[in-house]
Each structure stands twice: as structure tokens, then as C-alpha cells.
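We did not get these values from a lab; they are worked out from the coordinates using the rules stated. Since the structure is predicted, the reported quantities are computational estimates derived from the model, not experimental observations. So basically every Cβ, Gly included, is an ideal-geometry build from the backbone, and we count neighbours across all protein chains shown.
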């Protein structure tokens, strides 16, 4: 199968994915995108996992050992694991969004060269603001080589666990080479076995021209379109459209499957978000998930 059909059970603990692997394979999925694995804020709010403390492995979704087991078991079915990595920002304190949380690794928090000016973006259509300022949280200056080296080491530790690719969160806040930063070139080239991995950067609510610029360096997960379809990761809905923007919450299963079929006919890389049932802001162990991905029509669409 040349297409990359990604099963995305956001908020599902890694150990709970393993019993589904045979069914995931039968349904025609060949990649699984898991939730971020970095230490993060506790609590049941879905966004807490994007407020990270460090570039290390282990949080409420699983341990390093859990990840190794998931990668090993997935490999038996020809499925690769993609880790959602948070490289752009860290957790804030509970009373000030611009103050670094006290649990953030001191080697990161105390280095003044690792941070962007602690001032929030006001105009998301102003590219200079987007790449220079913060997006509501303490935000890294990712052109710093020492910081890049920390990130590369972290990514390579994940590769050693058996990971088959990465999704880079909030990537449109990270400068392109033509904007003065070599992050995408130096970090991607610093990853072990980079040619065997499937990596993509989250670039949403962006014009085609910007998507095309990112596509020169990395695949792009987007709700927009670019010139090269083979470089795009598309979706009917994802965790942002369901949990953050709530703009696709009223879509019926039939509507979803109709759109899913169109995506599979027109794009090489597609992501199937496994929705939580009801309120997602409950303890991780209590979250229940939609079984739409098990539908016979989904299997037919994925495998034809």
C-alpha cells in the first residue's frame, strides 16, 4: 500500500492501543499517530498534554517501556508509530501564561537564549509576529543550536524506541530557512534513519504559498492545500476541529465517510481521528472512543 493512512487515537493510552492492532491492520491503516509523550501538566483537560516540561519520555499516556512495546507490537503488523512532538513551547505557570512553569526542566527554563520575547501574537496574518512572538505560552527560539541539539537527542531517543515518524506541533510558528532559521534543515537531518521516517509539520489556517514553502523541507499536516499533494497530510476532522474549534462536531458518520472516501481518492496521506465519546475532559482511563473506524465501509475505502 503506497498510501499512508493514519489512525489517530488522541488521548488513548499506549497500552490500550495494542489490543486493537490486528483490527487496525485489517481496516487498512498502516500508521498510528499517538499523543505527545513528553512530561506535561496533569489534569484531564485535553490541551494539558501540549504544555510540556521537558524533552524526555513518559507522561499520563505511557512510559518509555510502553512506547517500546507499542512500537514492537505494531511492527509485527506492518504498522509504524508516529509521535506527536511539542518543540515550540512549554507549560506556563498556573497564574501567568508568559511565565515558565516551575516544573519545566531548569536547563531549559534558565537559559535566556532559548526563548522568544514574552509577548503574544496579536495578528496571526502578520508573518513576522507569528515567527517572532509567543502563542499564549512561553515559546522557544528554535534557531538556537544548543536547543536544537537537545531536541535532536530527544528525537533520536524516540527513534531508538522504534518510532517511525514525527508530527511537529505548532510548526507554523517556526521560521523557515528563508526567514533566518535552519531548524528544519538541521533538526530533520540530525534524526537517525531520517529517510525511513514519515515526518510532518502542523501548518493550519495558512495560505497555499506558505504551505508550499514548508513543503520544501517537510511534509505538512494542514486543513489547506498545497501544490504537491504527495507532501500533504489531510483529514476530514482532527482533534483541533473537534475539541478546540468545535467546527466539525455536528458531522454525521455518513457525512464523514463520504468525505473520507473523497480524501482517499485524491490524497496520498490521510489522518483518521478517533473521536472521544462525550466530554473529552475526563480522566484518561475513563475516556471512551467512537468505533466508526471499525465500520465495514471504512475498511472497504481504505483497502480498495
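When DSSP beta bridges are restricted to pairs lying wholly in region 191-304, around 10% turn out antiparallel.
Per residue, the average separation of C-alpha pairs within less than 8 Å and at least 6 apart gives the chain a relative contact order of 19 percent. The residue 45 and residue 189 beta-carbon pair, evaluated with R₀ = 25 Å, returns a calculated FRET efficiency of approximately 0.10.
Considering only beta bridges that DSSP places wholly inside region 86-225, some 35 percent are antiparallel. By DSSP, the beta bridges lying fully in the chain are antiparallel in about 20 percent of cases.
The label-point distance for residue 146 and residue 111, in a model that sets each label 7 Å from Cα toward Cβ, rounds to 0.6 nm. Each peptide in 92-101, 72-81 receives the mean, over its residues, of other Cβ atoms within 10 Å, and ordering these scores from highest gives 72-81, 92-101. At full extension, residue 279 and residue 244 could sit 11.3 nm farther apart than now, given 0.36 nm per residue minus the alpha carbon distance.
Put the Cα centre of region 15-71 next to the Cα centre of region 216-254 and the gap is 20 Å. Distance between the 7 Å Cα→Cβ label points at residue 303 and residue 127: 4.6 nm.
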